[in-house]
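Asks: Below you'll find the structure I mean.
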Amino acid sequence: MGTEIFTITNIIIALTGVLSGFLISKIFEKSSASSALSKAKNEAERIIKSSEIEGENLKKDKIFQAKERFLELKSEHEKHILNREKDLTDMQKKIKDKESQISNELELNKKNNQSLTDKVNSFNQKIELFEKKNNQIEKTHKEQIDKLEKISSLSASDAKKELLETLVQETKTEALELTQNIIEEAKLSARQDAKKIIINTIQRVGTEEAIDNCVSVFNIESDDLKGRIIGREGRNIRAIEAATGVEIIVDDTPEAIILSCFDSVRREIARLSLHKLVTDGRIHPARIEEVVKKTSKEIENEIIEVGKRTVIDLGIHGLNPVLIKAIGRMKYRSSYGQNLLHHSREVAKLCGIMCSELGLNPKLAKRAGLLHDIGKVPEEEIETPHALLGMQWAEKYGEKPDVCNAIGAHHDEIEMNNLISPIVQVCDAISGARPGARRQVLDSYIQRLKEMEDIAYDFKGVNKAYAIQAGRELRVMVESDKISDDQAAKLSFQISQKIQTDMTYPGQVKVTVIRETRAVNIAT
């Protein structure tokens, strides 16, 4: 029992302590809240006062700025008003000046009108005086004509006819002289222009010299192969010659066999066949015939490819396949030692350049230049001249009339009827007649030039002689103390006659004799 009472007492005491603590804490919270509230009020009052002060300052600034802006606007307005007043003053001044100017002009016009009237009156008087004088002149002229008619016993109309006839005769004479001068000048300028075009054309084409076209050299690795090529008792070499139509020359030349034939195609077939036989190692008659047949077909295909490449290089289109094959065969033909394909390509380029210089169609000229010698490569020998045969082929395979005429007329077999024909003829001559173009004329060309110079040296008084322009001109320098001007002209004629009688040459040879006089003194 006592224990329970003690426990209750402790509980009561504890509750009393808790309540007292709670009350004390509430009292402290209230006091702290009141102090915080007072601080907040003080801070709010301070903020309000500072805001009022800042507002007053801001208000004063705005008022000051507004006053400054007002003053600026006021000054600008005053300036604008001053400018307007100045403009008005200037305008009034201009108006007054214009009024004074107009009044002065009115007064001046009045004076001018008066003077103009005086001038008109004076002019009318002069016209009347002129008419009187003109009538007097006409009357005097008639009197003089009557006197002249009486003296000359001719009327005025007859005198006019005689005068006109005299004038017509004089005019005809002057016109003939003028026409002759114009013709001479035209000839001179035409020759100069033609020479210039030909020289420019030749300089723009790179050409090759002629090559050997009768033999080919087949190189072998060792001389032991010669025996295998000859075969037992010469049967292999006989088989090759029979199959190709080429003469095989096996001599003491080391590591070389010579193939001789005038036909380049057959010679090329023999060369390629030998190359294949030597490379393969099997050399006997049956194998030889097989290789030759195969090589012949390859050569035919190569001929077509060469023709195609040629026309493509020259920019020629639409050519018939038969003509393309004929162009390819030119590779294995020659004309006086000059490869026919190289010659035809060269002529085509020359024709194109020359026609471009003359304002003609260069493509058509190239076509005619390339085809001008196709008559030299027939499949079978024909007695028709190659120019006419080529023209017939061109007509048969659809070439234009201008091209056909150029082909047929380049050796004057037919008459030329267009401007391309003489150009093809000239370019053919340029390509074929130049030094070194054709093998057989090279040595004779050099010898001919030497003989020409020797003819000049045979005459007395000749100091130097030079054959120039590919033998077309002989230039002779003479000694001035031995040959006079008259003798120089005579010497030129004599040399030209000697060349004409003693030499054979293409074209013409111009003989120029130069006589120069020099007087030399030395001052010491």
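The values are calculated or read from the model by the stated rules, or taken from the named source; none is laboratory data. Small disclaimer: the values here were computed from a predicted structure and weren't measured. Neighbour counts are summed over all protein chains in view; Cβ atoms, including those assigned to glycine, are modelled from backbone coordinates with ideal geometry. Ligands, DNA and RNA are stripped out before the accessible areas are found, and what is left, the full protein with its side chains, is counted by its heavy atoms. Shrake-Rupley method; radii C 1.70, N 1.55, O 1.52, S 1.80 Å.
Asks: His275: net charge of surrounding residues, Cβ under 12 Å, Lys/Arg +1, Asp/Glu -1, itself excluded? Intermediate results must be reported in sequence, preceding the final value.
Replies: On the way: positive: Arg271, Lys276; negative: Glu221, Glu268, Asp280, Glu298.
Result for the neighbourhood of His275: -2.
Asks: What FRET efficiency do you get for Asp90 and Glu68 if R0 is 30 Å and r is their Cβ-Cβ distance, rounded to the nearest 0.05?
Replies: Values: r = 33 Å, r/R0 = 1.11.
E between Asp90 and Glu68, to the nearest 0.05, is 0.35.
Asks: Turning to a different aspect of this structure: With the calculation restricted to Cα positions, what are the radius of gyration and Dmax of region 259-341 in angstrom?
Replies: Rg then Dmax for region 259-341, in Å: 15.0, 46.
Asks: Here is a further query. Convex hull volume of the Cα atoms in region 279-397, per residue, in Å³?
Replies: 143 Å³
Asks: Under 28 Å Cα-Cα from Lys86, which lysines qualify once same-chain neighbours fewer than 8 residues away are excluded?
Replies: Cross-link targets: Lys74, Lys94, Lys96, Lys98.
Asks: Sticking with this structure for a sec: Sequence neighbours fewer than 8 away in the same chain don't count; with that in mind, list the aspartates and glutamates whose C-alpha is under 15 Å from Lys119.
Replies: The reachable aspartates and glutamates, counting only those whose Cα sits under 15 Å from Lys119, are Glu128.
Asks: Still on this structure: Per residue of region 495-504, in order, report the coupling 6.51 cos²θ - 1.76 cosθ + 1.60 (Karplus, θ = phi - 60°) as ³J(HN,Hα) in whole Hz, putting x for Gly and Pro.
Replies: The phi angles translate into 5, 4, 5, 5, 5, 5, 8, 9, 10, 10 Hz.
Asks: Order the following by accessible area, largest value first: Arg448, Arg309. Probe radius 1.4 Å; ligands, DNA and RNA are ignored. Let's see the in-between values first.
Replies: Numbers: Arg448 30, Arg309 125 Å².
Solvent-accessible surface, decreasing: Arg309, Arg448.
Asks: Sticking with this structure for a sec: Any aspartates and glutamates with Cα under 16 Å of the Lys510 Cα? List them, leaving off those in the same chain fewer than 8 positions away.
Replies: Within reach: Glu451, Glu453, Asp454, Glu473, Asp502.
Asks: If you don't mind, there's one more thing I want to ask. Taking 0.36 nm per residue of sequence separation and subtracting the Cα-Cα distance, how much length would be gained by fully extending the chain between Lys49 and Asp485, in nm to one decimal? Each step should come with its number before you reach the end.
Replies: Working: separation 436, 0.36 × 436 = 156.96 nm, distance 13.53 nm.
Here the answer is 143.4 nm.
Asks: Report the one residue of Asn83, Ala66, Leu37 whose Cα lies farthest in the direction of the positive end of the charge dipole of region 33-123 (charges on C-beta: Lys and Arg +1, Asp and Glu -1; origin at the Cα centre).
Replies: Leu37
Asks: Related question: List the residues whose amide H sits under 5 Å from the amide H of Gln338, counting only those 5 or more places along or on another chain, with H placed 1.01 Å from N in the peptide plane.
Replies: Amide H neighbours of Gln338, under 5 Å, 5+ apart: Arg439.
Asks: In addition: So, with a 1.4 angstrom probe, what is the percent of accessible area on region 49-107 that is carbon and sulfur?
Replies: Values: 3290 of 5860 Å².
On region 49-107, the fraction of accessible area on carbon and sulfur atoms equals 56 percent.
Asks: Please find the FRET efficiency linking Val217 to Phe493, where r is the Cβ-Cβ separation and R0 is fixed at 41 Å, and quote it to the nearest 0.05.
Replies: Working: r = 52 Å, r/R0 = 1.27.
For R0 = 41 Å, the calculated efficiency reads 0.20.
Asks: Still on this structure, I have one more. Which far-off residues, 5 or more places away or on another chain, put their amide H under 5 Å from the one on Val511, with H placed in the peptide plane?
Replies: Leu474
Asks: For region 391-402, what does the Karplus curve 6.51 cos²θ - 1.76 cosθ + 1.60, with θ = phi - 60°, yield as ³J(HN,Hα) per residue in whole Hz, taken in order and with x for Gly and Pro?
Replies: 5, 5, 4, 4, 5, 5, 9, x, 7, 5, x, 5
Asks: Any idea what the relative contact order of region 321-437 is, in percent, if you count C-alpha pairs under 8 Å spaced at least 6 apart? Before the final figure, lay out each step's value.
Replies: On the way: 172 pairs, mean separation 27.5, N = 117.
In percent, rounded to a whole number, it is 23.
Asks: Can you give the relative contact order of region 237-377 as a percent, counting alpha carbon pairs under 8 Å and 6+ residues apart?
Replies: Details: 160 pairs, mean separation 23.2, N = 141.
Contact order relative to length: 16 percent.
Asks: Could I ask something else about it? Between Val18 and Asn135, 0.36 nm times their residue separation minus their Cα-Cα distance comes to what? Working shown, then result.
Replies: Values: separation 117, 0.36 × 117 = 42.12 nm, distance 16.51 nm.
Between Val18 and Asn135, full extension yields an extra 25.6 nm.
Asks: Using θ = phi - 60° and the Karplus curve 6.51 cos²θ - 1.76 cosθ + 1.60, what whole-Hz ³J(HN,Hα) does each residue of region 230-239 get, with Gly and Pro shown as x?
Replies: So the Karplus estimates, Gly and Pro as x, are 5, x, 5, 6, x, 6, 5, 5, 5, 5 Hz.
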